[in-house]
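Asks: I have a structure I would like to understand better, so I am pasting it below and will then ask my questions one at a time.
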């Protein structure tokens, strides 16, 4: 099935307006099973950036890891051969698409840690408008456990100071270009917040400036394994931040404003 069959012009318009869309049944069991195998490898041999967010003796477990695609074949195959790159390319309306990195996030049942409200771009050494993420769950996700997105927040013109997932503390105080994330949960009625019931094969695609959070899994009996891929379009350029970026990409030698044309971010050819 071609990407144009499930990403119509109206879906593109919705993505541009809301900064997020839910796509149904776009990844086959072949890709889900392969990623599940890759995650098990990842759990057995964590990468250098693996992080746990659950305190000792607390219920459940929340952990993350990223930038392992070069050593885990299932991740590499997904990036280069699955429909993901074509989806990103069409929604971003880009002539080319580059793979930025993958990010695995796993919440076991009865994990009370929530992911704080944030948007992704300030974490990265990256700027641009053609930048997106594809959040792909490997397990059914009920709406109360689905990441939540503030519709249209990518168009606010605001950049927010990143927050640590482990304790929700801000990276630093407000800067000239960066505000502190407002207390969204105390004023939820002021926003249009989007979330969905998701089945394996569904995915959520969102702009890297779209504000989002993710609930815990208290009272939920299934794991919430998510495989997120980050994608770069034509206008993506390297940028510096007032803090250490995440991922840090210590070997990258680009200068601010230069296109992200580096072997670390390979060009993916879409059919």
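The values are calculated or read from the model by the stated rules, or taken from the named source; none is laboratory data. The structure presented is a predicted model; accordingly, all values stated were derived computationally and were not measured. No Cβ is skipped: glycine too gets one built from the backbone with ideal geometry, and neighbour counts run over all protein chains shown.
Asks: Got a number for residues in segment 58-69 being within 14 Å of residue 223 (Cβ to Cβ) and surrounded by fewer than 16 Cβ atoms within 10 Å (Cβ to Cβ)?
Replies: 1
Asks: In addition: How many residues does segment 111-139 contain that are in contact with a helix residue (DSSP H, G or I) (Cβ under 6 Å, 6 or more places away or on another chain) and either more than 23 Å from residue 37 (Cβ to Cβ) or surrounded by fewer than 22 Cβ atoms within 10 Å (Cβ to Cβ) (or both)?
Replies: Count: 4.
Asks: Inside segment 58-69, can you point out the residues that are part of a strand (DSSP E or B) and either at pLDDT 95 or above or in contact with a helix residue (DSSP H, G or I) (Cβ under 6 Å, 6 or more places away or on another chain) (or both)?
Replies: 65, 66
Asks: Consider residue 255 carefully, then state whether it is outside any loop (DSSP other than H, G, I, E, B), surrounded by fewer than 16 Cβ atoms within 10 Å (Cβ to Cβ) and out of contact with any helix residue (DSSP H, G or I) (no Cβ under 7 Å at 6 or more places or on another chain). Don't jump to the end; show me each part of the working.
Replies: Working: outside any loop (DSSP other than H, G, I, E, B): no; surrounded by fewer than 16 Cβ atoms within 10 Å (Cβ to Cβ): yes; out of contact with any helix residue (DSSP H, G or I) (no Cβ under 7 Å at 6 or more places or on another chain): yes.
Here the answer is no, as residue 255 does not meet what is asked.
Asks: Still on this structure, I have one more. Among the numbered conditions (1) touching a strand residue (DSSP E or B) at 6+ places or on another chain (Cβ under 6 Å); (2) in a strand (DSSP E or B); (3) under 26 Å from residue 71 (Cβ atoms); (4) modelled with pLDDT of 95 or more, tell me where residue 88 comes up short.
Replies: Looking at each condition in turn, residue 88 falls short on (2).
Asks: Could you check segment 1-57 for helices (runs of 4 or more DSSP H) lying wholly inside it with 2 or more residues that are buried (at least 18 other Cβ atoms within 10 Å of the Cβ), under 19 Å from the mean Cα position of the chain (by Cα) and at pLDDT 95 or above?
Replies: Answer list for segment 1-57: 9-18, 29-44.
Asks: Has segment 70-84 got at least one residue that is over 16 Å from the mean Cα position of the chain (by Cα), at pLDDT below 95, under 25 Å from residue 244 (Cα atoms) and in a loop (DSSP other than H, G, I, E, B)?
Replies: no
Asks: How many of the residues making up segment 157-191 are free of Cβ contacts under 8 Å to residues at least 24 places away in the same chain, exposed (fewer than 14 other Cβ atoms within 10 Å of the Cβ) and not in a loop (DSSP other than H, G, I, E, B)?
Replies: 6
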